[in-house]
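Let me begin by presenting the structure, written as C-alpha coordinates, before commenting on it.
The values are calculated or read from the model by the stated rules, or taken from the named source; none is laboratory data. If you're wondering where the values come from, they're calculated on a predicted model, not measured in any experiment. Positions of Cβ are generated from backbone atoms using ideal geometry, with glycine treated the same way; all protein chains shown enter the neighbour counts. In case anyone asks, the SASA skips ligands and DNA or RNA and just uses the protein heavy atoms, side chains included. Shrake-Rupley method; radii C 1.70, N 1.55, O 1.52, S 1.80 Å.
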Amino acid sequence: MANRTEETEHDTVLRPSNKEGISDLMLKRPIRWLRMLIEELHWSFFFGVIIVYGVSQGLGKGLSKVSTQYYFKDEQMIQPSDAQVYVGLIQIPWIIKPVWGLLTDVVPVLGYRRRPYFVFAGVLSMVSMMVLSLQKNLQLGLALSCLVAGSAGVAIADVTIDACVTQLSISHPTLAADMQSLCGLSSSIGSLVGFSLSGVLVHLFGSKGVYGLLGLTAGLIVVVGLLLKESPSRSPGRKHVNEKFIDAGSAIWKTFQYGEVWRPCLFMLLSAAVSLHIHEGMFYWYTDSKDGPSFSKEAVGSIMSFGAIGSLVGILLYQNFLKNFPFRNVVFWALSLSVLSGFLDLILVLRINLKLGVPDYFFIVVDEFVSHMISRIKWLPLLVLSSKLCPAGMEGTFFALLMSIEHVGHLLSSWGGGVLLHALNVTRTQFDNLWLVIVIRSLLRVVPIGLVFLIPNVDPSSTILPADMLRNGRSEDVIETDKIEMTALLTNEA
(Lines give C-alpha, C1' and ligand atoms only; values in the text may rest on other atoms or scores of the structure.)
Protein backbone atom coordinates (compact mmCIF):
# COMPACT_ATOMS: atom_id res chain seq x y z
CA MET A 1 0.00 0.00 0.00
CA ALA A 2 2.87 2.35 0.88
CA ASN A 3 4.62 1.65 -2.39
CA ARG A 4 1.40 2.35 -4.30
CA THR A 5 0.96 5.67 -2.48
CA GLU A 6 4.59 6.57 -3.18
CA GLU A 7 4.16 5.76 -6.86
CA THR A 8 1.01 7.88 -7.04
CA GLU A 9 2.74 10.86 -5.44
CA HIS A 10 5.74 10.38 -7.70
CA ASP A 11 3.59 10.40 -10.82
CA THR A 12 1.59 13.39 -9.59
CA VAL A 13 4.72 15.44 -9.00
CA LEU A 14 6.51 14.58 -12.24
CA ARG A 15 3.69 14.08 -14.76
CA PRO A 16 3.65 17.05 -17.14
CA SER A 17 0.52 19.14 -17.23
CA ASN A 18 -0.91 20.68 -20.36
CA LYS A 19 -1.00 24.04 -18.55
CA GLU A 20 2.69 23.98 -17.58
CA GLY A 21 4.71 26.77 -19.12
CA ILE A 22 8.44 27.23 -19.42
CA SER A 23 8.74 28.69 -15.92
CA ASP A 24 6.91 25.67 -14.50
CA LEU A 25 9.17 23.25 -16.35
CA MET A 26 12.42 25.05 -15.46
CA LEU A 27 11.68 26.16 -11.90
CA LYS A 28 8.52 24.92 -10.20
CA ARG A 29 8.70 21.35 -11.42
CA PRO A 30 12.31 20.79 -10.24
CA ILE A 31 11.43 22.33 -6.86
CA ARG A 32 8.43 20.00 -6.51
CA TRP A 33 10.68 17.10 -7.49
CA LEU A 34 13.28 17.95 -4.85
CA ARG A 35 10.59 18.47 -2.22
CA MET A 36 9.07 15.09 -3.05
CA LEU A 37 12.45 13.37 -2.69
CA ILE A 38 13.13 15.11 0.63
CA GLU A 39 9.78 13.98 2.00
CA GLU A 40 10.27 10.40 0.80
CA LEU A 41 13.96 9.93 1.60
CA HIS A 42 14.75 12.40 4.46
CA TRP A 43 16.93 15.51 4.28
CA SER A 44 19.99 13.74 5.72
CA PHE A 45 20.25 11.71 2.55
CA PHE A 46 20.56 14.94 0.58
CA PHE A 47 23.29 16.23 2.86
CA GLY A 48 25.39 13.13 2.19
CA VAL A 49 24.79 13.36 -1.54
CA ILE A 50 25.77 17.03 -1.68
CA ILE A 51 29.02 16.55 0.25
CA VAL A 52 30.18 13.33 -1.42
CA TYR A 53 28.88 13.77 -4.96
CA GLY A 54 28.70 17.56 -5.17
CA VAL A 55 31.79 18.68 -3.23
CA SER A 56 34.17 15.73 -2.93
CA GLN A 57 33.59 14.20 -6.37
CA GLY A 58 32.11 17.06 -8.40
CA LEU A 59 33.99 20.15 -7.25
CA GLY A 60 37.06 18.06 -6.42
CA LYS A 61 37.07 16.45 -9.85
CA GLY A 62 36.84 19.80 -11.58
CA LEU A 63 39.74 21.25 -9.61
CA SER A 64 41.95 18.15 -9.55
CA LYS A 65 41.68 17.19 -13.23
CA VAL A 66 43.04 20.47 -14.59
CA SER A 67 45.62 20.85 -11.81
CA THR A 68 46.87 17.27 -12.28
CA GLN A 69 47.20 17.72 -16.04
CA TYR A 70 49.35 20.82 -15.55
CA TYR A 71 51.20 19.18 -12.66
CA PHE A 72 52.28 16.27 -14.86
CA LYS A 73 53.04 18.55 -17.81
CA ASP A 74 54.83 21.45 -16.11
CA GLU A 75 56.07 20.15 -12.74
CA GLN A 76 57.00 16.54 -13.59
CA MET A 77 57.71 17.20 -17.31
CA ILE A 78 56.41 13.82 -18.53
CA GLN A 79 55.18 12.67 -21.94
CA PRO A 80 51.42 12.49 -22.76
CA SER A 81 51.54 8.69 -23.13
CA ASP A 82 53.07 8.38 -19.64
CA ALA A 83 50.57 10.85 -18.21
CA GLN A 84 47.73 8.75 -19.66
CA VAL A 85 49.08 5.67 -17.85
CA TYR A 86 49.54 7.55 -14.57
CA VAL A 87 45.97 8.88 -14.73
CA GLY A 88 44.86 5.24 -14.89
CA LEU A 89 46.96 4.40 -11.83
CA ILE A 90 45.26 7.13 -9.83
CA GLN A 91 41.94 5.32 -10.40
CA ILE A 92 43.09 2.03 -8.83
CA PRO A 93 41.44 2.80 -5.43
CA TRP A 94 38.11 2.87 -7.27
CA ILE A 95 38.74 -0.63 -8.62
CA ILE A 96 39.00 -2.05 -5.10
CA LYS A 97 35.83 -0.34 -3.89
CA PRO A 98 34.32 -3.71 -2.85
CA VAL A 99 37.10 -3.99 -0.25
CA TRP A 100 36.07 -0.64 1.27
CA GLY A 101 32.44 -1.76 1.10
CA LEU A 102 33.11 -5.02 2.93
CA LEU A 103 35.15 -3.25 5.61
CA THR A 104 32.44 -0.71 6.34
CA ASP A 105 29.78 -3.44 6.28
CA VAL A 106 31.37 -5.97 8.64
CA VAL A 107 34.29 -4.34 10.51
CA PRO A 108 33.16 -1.66 12.99
CA VAL A 109 35.75 0.70 14.48
CA LEU A 110 35.23 1.75 18.10
CA GLY A 111 31.69 0.41 17.82
CA TYR A 112 30.77 2.42 14.71
CA ARG A 113 30.49 1.21 11.12
CA ARG A 114 30.24 4.47 9.17
CA ARG A 115 31.56 7.47 11.07
CA PRO A 116 35.19 6.29 11.46
CA TYR A 117 35.48 5.50 7.77
CA PHE A 118 34.25 8.96 6.81
CA VAL A 119 36.82 10.51 9.17
CA PHE A 120 39.59 8.26 7.85
CA ALA A 121 38.70 9.07 4.23
CA GLY A 122 38.76 12.81 4.90
CA VAL A 123 42.04 12.73 6.81
CA LEU A 124 43.69 10.57 4.13
CA SER A 125 42.69 12.99 1.37
CA MET A 126 43.67 16.06 3.40
CA VAL A 127 47.15 14.79 4.27
CA SER A 128 47.94 13.61 0.73
CA MET A 129 46.81 16.87 -0.88
CA MET A 130 48.75 18.96 1.64
CA VAL A 131 51.94 16.99 0.96
CA LEU A 132 51.54 17.65 -2.77
CA SER A 133 50.89 21.31 -2.08
CA LEU A 134 53.68 22.03 0.40
CA GLN A 135 56.56 19.76 -0.65
CA LYS A 136 58.96 21.16 -3.25
CA ASN A 137 60.63 19.04 -5.95
CA LEU A 138 58.57 15.99 -5.03
CA GLN A 139 59.75 12.81 -6.75
CA LEU A 140 57.36 11.29 -9.26
CA GLY A 141 56.87 8.09 -7.24
CA LEU A 142 55.92 9.95 -4.06
CA ALA A 143 53.72 12.37 -6.01
CA LEU A 144 51.84 9.43 -7.56
CA SER A 145 51.47 7.84 -4.12
CA CYS A 146 49.87 11.04 -2.81
CA LEU A 147 47.52 11.26 -5.78
CA VAL A 148 46.49 7.61 -5.31
CA ALA A 149 45.96 8.18 -1.57
CA GLY A 150 43.78 11.22 -2.27
CA SER A 151 41.76 9.19 -4.76
CA ALA A 152 41.38 6.43 -2.14
CA GLY A 153 39.91 8.90 0.33
CA VAL A 154 37.28 10.00 -2.16
CA ALA A 155 36.52 6.36 -3.08
CA ILE A 156 36.05 5.29 0.55
CA ALA A 157 33.59 8.14 1.17
CA ASP A 158 31.82 7.25 -2.07
CA VAL A 159 31.18 3.66 -0.98
CA THR A 160 29.00 4.73 1.93
CA ILE A 161 26.76 7.03 -0.08
CA ASP A 162 26.50 4.38 -2.81
CA ALA A 163 25.20 1.92 -0.22
CA CYS A 164 22.55 4.42 0.87
CA VAL A 165 21.43 5.08 -2.70
CA THR A 166 21.27 1.38 -3.53
CA GLN A 167 19.36 0.39 -0.40
CA LEU A 168 16.86 3.19 -0.92
CA SER A 169 16.49 2.09 -4.56
CA ILE A 170 15.30 -1.28 -3.31
CA SER A 171 12.95 0.12 -0.66
CA HIS A 172 11.70 2.85 -3.04
CA PRO A 173 11.94 1.23 -6.51
CA THR A 174 9.92 3.96 -8.25
CA LEU A 175 12.50 6.52 -7.11
CA ALA A 176 15.59 4.62 -8.30
CA ALA A 177 16.03 6.72 -11.45
CA ASP A 178 15.29 9.91 -9.49
CA MET A 179 18.02 9.17 -6.96
CA GLN A 180 20.58 8.53 -9.67
CA SER A 181 19.52 11.78 -11.33
CA LEU A 182 19.94 13.60 -8.01
CA CYS A 183 23.45 12.18 -7.60
CA GLY A 184 24.29 13.05 -11.19
CA LEU A 185 22.95 16.58 -10.80
CA SER A 186 25.02 17.16 -7.66
CA SER A 187 28.13 15.81 -9.35
CA SER A 188 27.58 17.81 -12.55
CA ILE A 189 26.88 21.10 -10.76
CA GLY A 190 29.95 20.58 -8.57
CA SER A 191 32.03 19.73 -11.65
CA LEU A 192 30.73 22.82 -13.43
CA VAL A 193 31.83 25.06 -10.55
CA GLY A 194 35.15 23.23 -10.23
CA PHE A 195 36.03 23.38 -13.91
CA SER A 196 34.92 27.00 -14.18
CA LEU A 197 37.29 27.99 -11.38
CA SER A 198 40.11 25.53 -12.11
CA GLY A 199 41.88 27.42 -14.89
CA VAL A 200 41.83 30.72 -13.00
CA LEU A 201 43.01 29.06 -9.78
CA VAL A 202 45.83 27.17 -11.52
CA HIS A 203 46.91 30.43 -13.15
CA LEU A 204 46.84 32.34 -9.83
CA PHE A 205 48.18 29.72 -7.40
CA GLY A 206 49.69 27.01 -9.63
CA SER A 207 48.72 23.35 -9.64
CA LYS A 208 50.27 22.82 -6.19
CA GLY A 209 48.23 25.67 -4.75
CA VAL A 210 45.04 24.06 -6.04
CA TYR A 211 46.02 20.83 -4.25
CA GLY A 212 46.06 22.86 -1.03
CA LEU A 213 42.48 23.98 -1.71
CA LEU A 214 41.49 20.35 -2.35
CA GLY A 215 42.90 19.49 1.07
CA LEU A 216 40.50 21.99 2.62
CA THR A 217 37.47 20.58 0.77
CA ALA A 218 38.47 17.08 1.93
CA GLY A 219 37.91 18.33 5.46
CA LEU A 220 34.16 18.38 4.77
CA ILE A 221 34.23 14.59 4.62
CA VAL A 222 35.64 14.61 8.14
CA VAL A 223 32.74 16.87 9.16
CA VAL A 224 30.30 14.30 7.77
CA GLY A 225 31.93 11.63 9.92
CA LEU A 226 31.75 13.81 13.03
CA LEU A 227 28.11 14.85 12.53
CA LEU A 228 26.65 11.61 11.20
CA LYS A 229 24.04 10.23 13.58
CA GLU A 230 24.81 6.55 14.06
CA SER A 231 23.92 4.17 16.84
CA PRO A 232 26.88 2.19 18.21
CA SER A 233 26.93 -1.57 17.73
CA ARG A 234 28.78 -4.35 19.44
CA SER A 235 32.05 -5.33 17.83
CA PRO A 236 31.96 -8.91 16.53
CA GLY A 237 34.80 -11.31 17.20
CA ARG A 238 37.35 -12.23 14.55
CA LYS A 239 35.60 -15.54 13.88
CA HIS A 240 32.31 -13.77 13.39
CA VAL A 241 33.92 -11.27 10.98
CA ASN A 242 35.45 -14.13 8.99
CA GLU A 243 32.03 -15.77 8.74
CA LYS A 244 30.56 -12.54 7.40
CA PHE A 245 33.26 -12.29 4.75
CA ILE A 246 32.57 -15.87 3.72
CA ASP A 247 28.82 -15.21 3.61
CA ALA A 248 29.43 -12.10 1.52
CA GLY A 249 31.60 -14.01 -0.94
CA SER A 250 28.99 -16.74 -1.20
CA ALA A 251 26.20 -14.23 -1.83
CA ILE A 252 28.25 -12.44 -4.50
CA TRP A 253 29.07 -15.71 -6.27
CA LYS A 254 25.44 -16.81 -6.19
CA THR A 255 24.28 -13.50 -7.65
CA PHE A 256 26.84 -13.57 -10.46
CA GLN A 257 25.57 -16.98 -11.54
CA TYR A 258 22.33 -15.29 -12.54
CA GLY A 259 22.46 -14.43 -16.25
CA GLU A 260 20.70 -11.10 -15.87
CA VAL A 261 23.59 -10.00 -13.64
CA TRP A 262 26.79 -11.22 -15.30
CA ARG A 263 25.74 -10.24 -18.82
CA PRO A 264 25.36 -6.47 -18.14
CA CYS A 265 28.54 -6.61 -16.03
CA LEU A 266 30.39 -8.06 -19.01
CA PHE A 267 28.96 -5.29 -21.18
CA MET A 268 30.13 -2.55 -18.79
CA LEU A 269 33.64 -4.02 -18.68
CA LEU A 270 34.06 -4.52 -22.43
CA SER A 271 32.37 -1.30 -23.52
CA ALA A 272 34.56 0.77 -21.19
CA ALA A 273 37.76 -1.09 -22.08
CA VAL A 274 37.50 -0.61 -25.87
CA SER A 275 36.53 3.07 -25.61
CA LEU A 276 40.13 4.24 -25.44
CA HIS A 277 40.94 7.43 -23.51
CA ILE A 278 43.35 9.83 -25.23
CA HIS A 279 42.55 12.87 -23.11
CA GLU A 280 46.17 13.59 -22.20
CA GLY A 281 47.25 13.59 -25.84
CA MET A 282 44.48 16.05 -26.68
CA PHE A 283 45.37 18.22 -23.65
CA TYR A 284 49.02 18.50 -24.71
CA TRP A 285 47.86 19.44 -28.21
CA TYR A 286 45.39 22.04 -26.84
CA THR A 287 48.20 23.82 -25.00
CA ASP A 288 50.90 23.44 -27.69
CA SER A 289 52.05 26.72 -29.20
CA LYS A 290 53.14 25.28 -32.55
CA ASP A 291 50.55 22.79 -33.84
CA GLY A 292 47.64 23.34 -31.46
CA PRO A 293 45.44 26.26 -30.42
CA SER A 294 47.81 27.19 -27.54
CA PHE A 295 45.01 27.70 -25.03
CA SER A 296 45.70 29.40 -21.71
CA LYS A 297 44.96 27.80 -18.35
CA GLU A 298 41.79 29.85 -18.03
CA ALA A 299 40.62 28.70 -21.47
CA VAL A 300 41.28 25.04 -20.66
CA GLY A 301 39.25 25.31 -17.45
CA SER A 302 36.36 27.06 -19.19
CA ILE A 303 36.32 24.44 -21.97
CA MET A 304 36.01 21.66 -19.40
CA SER A 305 33.25 23.58 -17.64
CA PHE A 306 31.18 23.29 -20.82
CA GLY A 307 31.70 19.54 -20.58
CA ALA A 308 30.15 19.70 -17.09
CA ILE A 309 27.22 21.67 -18.55
CA GLY A 310 26.83 18.96 -21.17
CA SER A 311 26.69 16.34 -18.43
CA LEU A 312 24.05 18.37 -16.63
CA VAL A 313 21.95 18.65 -19.81
CA GLY A 314 22.32 14.91 -20.33
CA ILE A 315 20.97 14.28 -16.83
CA LEU A 316 18.00 16.58 -17.42
CA LEU A 317 17.23 14.92 -20.76
CA TYR A 318 17.36 11.47 -19.18
CA GLN A 319 15.32 12.52 -16.16
CA ASN A 320 12.55 14.24 -18.14
CA PHE A 321 12.35 12.24 -21.36
CA LEU A 322 14.34 8.97 -21.31
CA LYS A 323 14.20 7.39 -17.86
CA ASN A 324 11.12 5.27 -18.60
CA PHE A 325 12.53 3.75 -21.79
CA PRO A 326 14.13 0.27 -21.71
CA PHE A 327 17.79 0.28 -20.70
CA ARG A 328 18.92 -1.36 -23.93
CA ASN A 329 17.28 1.20 -26.21
CA VAL A 330 18.76 4.22 -24.45
CA VAL A 331 22.27 2.74 -24.36
CA PHE A 332 22.11 1.69 -28.04
CA TRP A 333 21.27 5.16 -29.31
CA ALA A 334 23.73 6.84 -26.95
CA LEU A 335 26.51 4.56 -28.20
CA SER A 336 25.59 5.31 -31.81
CA LEU A 337 25.81 9.05 -31.18
CA SER A 338 29.10 8.54 -29.32
CA VAL A 339 30.69 7.05 -32.44
CA LEU A 340 29.71 10.11 -34.48
CA SER A 341 30.80 12.62 -31.83
CA GLY A 342 34.24 11.01 -31.66
CA PHE A 343 35.05 12.29 -35.14
CA LEU A 344 34.60 15.91 -34.01
CA ASP A 345 38.12 15.68 -32.59
CA LEU A 346 39.36 14.65 -36.03
CA ILE A 347 37.87 17.76 -37.64
CA LEU A 348 39.60 19.84 -34.99
CA VAL A 349 43.07 18.26 -35.22
CA LEU A 350 43.06 18.38 -39.04
CA ARG A 351 42.11 22.08 -38.72
CA ILE A 352 39.09 21.61 -40.97
CA ASN A 353 37.10 23.83 -38.63
CA LEU A 354 39.38 26.78 -39.45
CA LYS A 355 38.90 26.19 -43.17
CA LEU A 356 35.15 26.40 -42.51
CA GLY A 357 35.62 29.61 -40.56
CA VAL A 358 34.81 28.09 -37.15
CA PRO A 359 37.18 29.28 -34.36
CA ASP A 360 39.02 26.63 -32.33
CA TYR A 361 37.55 27.67 -28.99
CA PHE A 362 33.95 27.59 -30.21
CA PHE A 363 34.40 24.21 -31.91
CA ILE A 364 36.10 22.63 -28.88
CA VAL A 365 33.38 23.94 -26.59
CA VAL A 366 30.69 22.34 -28.76
CA ASP A 367 32.71 19.11 -28.93
CA GLU A 368 33.16 19.00 -25.15
CA PHE A 369 29.49 19.76 -24.52
CA VAL A 370 28.15 17.14 -26.94
CA SER A 371 30.52 14.35 -25.94
CA HIS A 372 29.83 14.74 -22.21
CA MET A 373 26.08 14.99 -22.74
CA ILE A 374 26.05 11.73 -24.71
CA SER A 375 28.35 10.04 -22.22
CA ARG A 376 26.05 10.93 -19.32
CA ILE A 377 22.94 9.71 -21.16
CA LYS A 378 24.75 6.43 -21.83
CA TRP A 379 25.92 6.01 -18.25
CA LEU A 380 22.76 6.88 -16.29
CA PRO A 381 20.67 3.87 -17.39
CA LEU A 382 23.60 1.60 -16.53
CA LEU A 383 23.72 3.14 -13.04
CA VAL A 384 20.00 2.56 -12.54
CA LEU A 385 20.38 -0.98 -13.85
CA SER A 386 23.29 -1.64 -11.49
CA SER A 387 21.24 -0.53 -8.49
CA LYS A 388 18.64 -3.15 -9.43
CA LEU A 389 21.17 -5.99 -9.65
CA CYS A 390 22.13 -5.89 -5.96
CA PRO A 391 20.85 -8.62 -3.60
CA ALA A 392 19.25 -7.57 -0.32
CA GLY A 393 21.67 -7.19 2.57
CA MET A 394 24.65 -6.77 0.24
CA GLU A 395 23.60 -3.55 -1.48
CA GLY A 396 26.65 -1.42 -0.73
CA THR A 397 29.27 -4.10 -1.33
CA PHE A 398 27.69 -5.47 -4.49
CA PHE A 399 27.05 -2.04 -5.99
CA ALA A 400 30.69 -1.18 -5.27
CA LEU A 401 31.70 -4.39 -7.02
CA LEU A 402 29.66 -3.49 -10.09
CA MET A 403 31.22 -0.04 -10.20
CA SER A 404 34.70 -1.51 -9.77
CA ILE A 405 34.11 -3.66 -12.85
CA GLU A 406 33.39 -0.50 -14.80
CA HIS A 407 36.50 1.16 -13.34
CA VAL A 408 38.63 -1.80 -14.46
CA GLY A 409 37.33 -1.10 -17.96
CA HIS A 410 38.31 2.57 -17.65
CA LEU A 411 41.76 1.61 -16.37
CA LEU A 412 42.29 -0.64 -19.39
CA SER A 413 40.95 2.15 -21.58
CA SER A 414 43.38 4.68 -20.11
CA TRP A 415 46.36 2.35 -20.42
CA GLY A 416 45.30 1.34 -23.92
CA GLY A 417 45.14 5.00 -24.90
CA GLY A 418 48.62 5.54 -23.46
CA VAL A 419 49.98 2.59 -25.44
CA LEU A 420 48.35 3.90 -28.61
CA LEU A 421 49.79 7.40 -28.10
CA HIS A 422 53.25 5.92 -27.50
CA ALA A 423 53.04 3.50 -30.47
CA LEU A 424 52.13 6.31 -32.87
CA ASN A 425 54.81 8.60 -31.40
CA VAL A 426 52.57 11.33 -30.01
CA THR A 427 54.83 13.26 -27.62
CA ARG A 428 54.98 16.64 -25.85
CA THR A 429 55.99 18.34 -29.10
CA GLN A 430 55.09 15.82 -31.84
CA PHE A 431 51.44 15.49 -32.93
CA ASP A 432 51.68 14.36 -36.57
CA ASN A 433 49.90 11.06 -35.86
CA LEU A 434 47.33 12.38 -33.41
CA TRP A 435 44.69 12.29 -36.17
CA LEU A 436 45.28 8.55 -36.62
CA VAL A 437 44.93 8.00 -32.86
CA ILE A 438 41.53 9.73 -33.01
CA VAL A 439 40.39 7.60 -35.97
CA ILE A 440 41.33 4.34 -34.21
CA ARG A 441 39.68 5.52 -30.97
CA SER A 442 36.46 6.48 -32.77
CA LEU A 443 36.23 3.23 -34.75
CA LEU A 444 36.66 1.16 -31.61
CA ARG A 445 33.55 2.84 -30.20
CA VAL A 446 31.53 0.79 -32.68
CA VAL A 447 32.35 -2.44 -30.82
CA PRO A 448 30.04 -1.86 -27.79
CA ILE A 449 27.06 -1.37 -30.14
CA GLY A 450 27.34 -5.04 -31.06
CA LEU A 451 27.25 -5.98 -27.36
CA VAL A 452 24.05 -4.23 -26.29
CA PHE A 453 22.19 -7.55 -26.39
CA LEU A 454 23.91 -8.26 -23.03
CA ILE A 455 21.76 -5.54 -21.40
CA PRO A 456 18.29 -6.63 -20.18
CA ASN A 457 15.57 -5.23 -22.40
CA VAL A 458 13.47 -3.99 -19.46
CA ASP A 459 12.53 -0.55 -18.17
CA PRO A 460 13.65 0.96 -14.81
CA SER A 461 10.38 0.08 -13.04
CA SER A 462 10.91 -3.65 -13.63
CA THR A 463 12.28 -6.07 -11.06
CA ILE A 464 15.25 -7.98 -12.44
CA LEU A 465 16.46 -10.22 -9.61
CA PRO A 466 14.36 -13.15 -8.32
CA ALA A 467 12.23 -12.41 -5.28
CA ASP A 468 14.38 -14.53 -2.93
CA MET A 469 17.43 -12.34 -3.72
CA LEU A 470 15.51 -9.21 -2.74
CA ARG A 471 14.71 -10.57 0.71
CA ASN A 472 17.36 -10.30 3.39
CA GLY A 473 17.93 -13.91 4.33
CA ARG A 474 21.01 -13.35 6.41
CA SER A 475 21.25 -13.63 10.17
CA GLU A 476 19.59 -11.09 12.43
CA ASP A 477 22.82 -9.39 13.45
CA VAL A 478 23.55 -8.56 9.84
CA ILE A 479 20.07 -7.11 9.41
CA GLU A 480 20.72 -5.01 12.49
CA THR A 481 23.85 -3.66 10.81
CA ASP A 482 21.77 -2.48 7.87
CA LYS A 483 19.46 -0.65 10.25
CA ILE A 484 22.41 1.01 11.96
CA GLU A 485 23.93 2.30 8.73
CA MET A 486 20.67 3.99 7.76
CA THR A 487 19.95 5.57 11.15
CA ALA A 488 21.12 9.04 10.17
CA LEU A 489 19.21 8.84 6.91
CA LEU A 490 15.81 7.67 8.00
CA THR A 491 15.31 8.90 11.58
CA ASN A 492 13.88 12.22 12.66
CA GLU A 493 15.96 15.01 14.11
CA ALA A 494 16.96 14.57 17.70
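Among 296-308, 427-439, how do they line up by average Cβ neighbours within 10 Å per residue, starting with the highest?
Descending packing order for the listed peptides: 296-308, 427-439.
What's the carbon and sulfur percent of the range 251-351's accessible surface, probe 1.4 angstrom, rounded to a whole number?
68
With a 1.4 Å probe and every protein chain left in place, tell me how much accessible area D82 has, in Å² to the nearest 10.
My reading of the accessible area for D82 is about 70 Å².
Mind checking the full-extension length gain between Q430 and H279? Use 0.36 nm per residue of separation minus the Cα-Cα distance, one decimal, nm. Mind showing how you got there, number by number?
Details: separation 151, 0.36 × 151 = 54.36 nm, distance 1.56 nm.
Extra length available between Q430 and H279 comes to 52.8 nm.
Suppose every Lys and Arg Cβ carries +1 and every Asp and Glu Cβ carries -1, with no other charges. What dipole size does the range 336-473 come out with about its Cα centre, to the nearest 20 debye? Spell out each step's value before the answer.
Details: 9 positive and 9 negative charges, 31 e Å.
Roughly 140 debye, rounded to the nearest 20.
Distance in nm between label sites at N457 and V127, each 7 Å beyond Cα in the beta-carbon direction?
Simple spin-label model gives 5.4 nm for this pair.
Give the separation of the Cα centroids, the range 186-214 to the range 280-354, in Å.
Their Cα centres are 20 Å away from one another.
Quick check: residue separation of M77 and L142 times 0.36 nm, minus the Cα distance between them. What number comes out in nm?
Values: separation 65, 0.36 × 65 = 23.40 nm, distance 1.52 nm.
Full extension of this stretch gives 21.9 nm more.
Given the range 302-429, what whole percent of its Cα pairs are spread farther than 23 Å?
When every Cα pair of the range 302-429 is considered, 48 percent fall beyond 23 Å.
Could you rank the peptides 72-78, 219-225, 196-202 by their average count of other C-beta atoms within 10 Å per residue, with the highest value first?
Averaged packing, sorted descending, gives the order 196-202, 219-225, 72-78.
Using packing as a proxy for protection, rank 356-362, 373-379 so that the peptide with the highest average count of other Cβ atoms within 10 Å comes first.
373-379, 356-362
Just list whichever of K136/K290; K290/K355; K97/K297 have alpha carbons separated by over 22 Å in the model shown. Present the calculation step by step, with values, prior to reporting the outcome.
Values: K136/K290 30 Å; K290/K355 18 Å; K97/K297 33 Å.
Distance filter (> 22 Å) returns K136/K290; K97/K297.
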